[in-house]
Amino acid sequence: MTNLFEDNRNYVLGDPELELIGDRDKLAQWRHKNMGPAFYKLGRKIIYRGTDLNAWANACRIDPERQNLEEFGARSAASQKVSTQSDVSEISPTKHLGGVK
């Protein structure tokens with residue numbers, strides 16, 4: 001997997017590389033909501049490790065090809081379920097009950 005950040009480096013607020021994932025306010029919102037990448041809070045200083053930033057970025061990665069395959073699989077399973085339900089509804093109740101209604 002390609003790393004967006006240097007693994008062996010620490011990033012602090014104001015580093016231009018952090019702008020890649022969000023501005024200072026967005027990062028503050030994520031920290032408040034316990035979202036976003038892992039961080040250290042040393043006094044008032046916020047520090048992000050490069051390895052944590054890369055792990056978070058990789059967890060947020062979306063592979064369109066895989067997503068399309070999963071959606072196709074879900075759609076085909078749903079269509080099979082609908083077709084089996086329609087097959088069942090076509091069966092007459094009188095056939096199953098020996099002609100008794």
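Check whether at least one residue in the range 54-62 is touching a Leu at 6+ places or on another chain (Cβ under 8 Å), closer than 27 Å to Ile21 by Cβ and at pLDDT 65 or above, and report yes or no. Let's see the steps before the verdict.
Just the residues of the range 54-62 that are touching a Leu at 6+ places or on another chain (Cβ under 8 Å), to begin with: 54, 57.
Those still in the list that are closer than 27 Å to Ile21 by Cβ too: 54, 57.
Pick out the ones that are also at pLDDT 65 or above and you get 54, 57.
Looking for residues that are touching a Leu at 6+ places or on another chain (Cβ under 8 Å), closer than 27 Å to Ile21 by Cβ and at pLDDT 65 or above, one finds at least one in the range 54-62, hence yes.
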Pairs, first within 14 Å of Leu13 (Cα to Cα) in the range 26-51, second buried (at least 16 other Cβ atoms within 10 Å of the Cβ) and β-branched (Val, Ile, Thr), C-beta under 6 Å, six or more apart: Phe39/Ile46
Is it the case that some residue within the range 2-13 is within 26 Å of Asp63 (Cα to Cα), modelled with pLDDT under 95, among the aliphatic types (A, V, I, L, M) and loosely packed, with under 10 Cβ neighbours inside 10 Å? no
Total residues in the range 25-75, condition small (Gly, Ala, Ser), farther than 18 Å from Asp7 by Cα and surrounded by 10 or more Cβ atoms within 10 Å (Cβ to Cβ): 3
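The values are calculated or read from the model by the stated rules, or taken from the named source; none is laboratory data. Everything numeric here is computed off the predicted structure, so don't read it as measured data. Here the Cβ is made from the backbone with ideal geometry for all residues, glycine too, and neighbour counts use every protein chain on show.
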